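Working notes for the structure below.
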Protein chains: 2
Amino acid sequence: MRTTVILSGGMDSAVLLYKLLGEGDIVNTVSVDYGQRHRRELICAERLSARVGVHHDVIDMTSLGRLLKGSSQSDPTVDVPFGRYDEPSMKQTVVPNRNMVLLAAAGAVAIANRADRLAYGAHGGDHAIYPDCRPEFVYALAKAFQLCDWHPVHLVAPLSAMHKGEIAVLGGRLRVPFQDTWTCYVGGDEPCGKCGACVERAEAFEFAHLKDPLIGGYYNAW
Amino acid sequence: MRTTVILSGGMDSAVLLYKLLGEGDIVNTVSVDYGQRHRRELICAERLSARVGVHHDVIDMTSLGRLLKGSSQSDPTVDVPFGRYDEPSMKQTVVPNRNMVLLAAAGAVAIANRADRLAYGAHGGDHAIYPDCRPEFVYALAKAFQLCDWHPVHLVAPLSAMHKGEIAVLGGRLRVPFQDTWTCYVGGDEPCGKCGACVERAEAFEFAHLKDPLIGGYYNAW
């Protein structure tokens, strides 16, 4: 099975990469640069790929990102909200059609490399504020992936039944180098600790009884 | 109804633009630059949008195009085949996942502009060699578009029941400025007249009893 892995550089897709490494032939990893505020995740994706010796492609979509006004993650004039994901202010972190763009572009690279599977790290704990994280969206797009080429691509989300705490547990078991993952939405040199993404990461590490290497003294690894 | 029109600069999407102009509020037009060999079509899309006074965005996806080896339309090392579309050699004109990428990116711009509809010029005569021109692919992707955002986007293909000859007839009635459309796949300064795209365009104009302004003396318009 030839698999292309979408690697954002966050902890979920890092765990996915390490999980799939043991399951078959990973062809390549793909990241999308849409001008995201938290650009450190792209550096993490590059480091993770180099660690496991897999070719990594970054697709430059900053041109598209500039057209997507109104999201804190692609529009520098909109602030990142602080708090938990269940607060209404978090809606401003939604990037229009982000997942379809990401999956379509990575799928093109997968097809060009004759991969059979396109794997990405959507999971059960993904939040109700993101419409394109809903399983029904993924199913509809998976159907389109069966039809988009004569060489069909199976879109799979192997972490979809897990919540983020369970993903941290799995990552601990697989010895994922979490110091080479990035989660904070703000885009500073250190995790802010206050945005929804940071709060959720902290809860996942707590659930897994793991210490986050990005926090406190461990941060010197960067 | 706020509509975003995907405008390639070819004759089909030009006719679609003129058809929709009379039907409601066109918000904007969107083209995708994937490094296509026939770059004149992007100039045509810009000219057409300026003629009708609609804002035109070009999304630069040349970074993705460079990763898509093997297609004559995105890989400069692969020649454009000559002949009719029903010949096996035409398969090398297929760009991997082209339509999903195009629709996903244009859809992101549509959502950011709060459009209700995303219209594109797929039609009944699109060829069996292009898997992502099949109606079942479009239906699957339209379903995904209903789910990708809280503000659903209707993906519509108003020309889908017509063949290219009928589209030329409609374009003639709507006085579409065909001199500002580009079809040839080769990427020269004049239409080559021999590639599948040129052969098909010539047949469409013949069906409609129209003279193609790009051929012969009319070509001076450029």
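The values are calculated or read from the model by the stated rules, or taken from the named source; none is laboratory data. Remember, it's a predicted structure, so these values are computed and weren't measured experimentally. Positions of Cβ are generated from backbone atoms using ideal geometry, with glycine treated the same way; all protein chains shown enter the neighbour counts.
The table for this structure:
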read-out: Qualifying residue in segment A:145-158 (condition: part of a loop (DSSP other than H, G, I, E, B) and farther than 30 Å from B:LEU67 by Cβ); value: no
read-out: Residue within segment B:112-120 that is over 26 Å from B:ILE43 (Cβ atoms) and of a type in the set (S, T, N, Q) present; value: no
read-out: Subset of segment B:62-78 that is at pLDDT 70 or above and more than 7 Å from chain A (Cβ to nearest Cβ) - its residue that is nearest to A:THR62 (Cα to Cα); value: B:THR62
read-out: Qualifying positions in segment B:168-201 - at pLDDT 95 or above and small (Gly, Ala, Ser); value: B:ALA168, B:GLY171, B:GLY172
read-out: Residue in segment B:211-218 that is hydrophobic (A, V, I, L, M, F, W, C) and over 18 Å from the mean Cα position of the chain (by Cα) present; value: yes
read-out: Scope segment A:111-134; condition of a type outside the set (A, V, I, L, M), more than 7 Å from chain B (Cβ to nearest Cβ) and part of a loop (DSSP other than H, G, I, E, B); matching residues; value: A:ASN113, A:ARG114, A:ASP116, A:TYR120, A:GLY121, A:HIS123, A:GLY124, A:GLY125, A:ASP126, A:HIS127, A:TYR130
read-out: Considering residues of segment B:135-159 that are under 18 Å from A:LEU155 (Cβ atoms) and facing chain A (nearest Cβ under 7 Å) only, the residue surrounded by the fewest Cβ atoms within 10 Å (Cβ to Cβ); value: B:GLU136
read-out: Looking only at segment A:14-44, and only at residues there that are in contact with an Asp or Glu (Cβ under 9 Å, 6 or more places away or on another chain) and in a helix (DSSP H, G or I), the one that is nearest to A:GLY165 (Cα to Cα); value: A:ALA14
read-out: Some residue of segment A:203-221 being at pLDDT below 90, in a loop (DSSP other than H, G, I, E, B) and either buried (at least 17 other Cβ atoms within 10 Å of the Cβ) or hydroxyl-bearing (Ser, Thr, Tyr) (or both); value: no
read-out: Total residues in segment B:141-156, condition of a type in the set (Gly, Ala, Ser) and at pLDDT below 90; value: 0
read-out: Hits in segment B:159-188 - residues which are of a type in the set (Lys, Arg) and not in a loop (DSSP other than H, G, I, E, B); value: B:LYS164, B:ARG173
read-out: Count of residues meeting criterion [small (Gly, Ala, Ser), in contact with a Leu (Cβ under 9 Å, 6 or more places away or on another chain) and within 23 Å of B:ARG173 (Cα to Cα)] in segment B:1-55; value: 7
read-out: Residue check, A:GLU166 over 15 Å from the mean Cα position of the chain (by Cα), among the charged types (D, E, K, R) and more than 8 Å from chain B (Cβ to nearest Cβ); value: yes
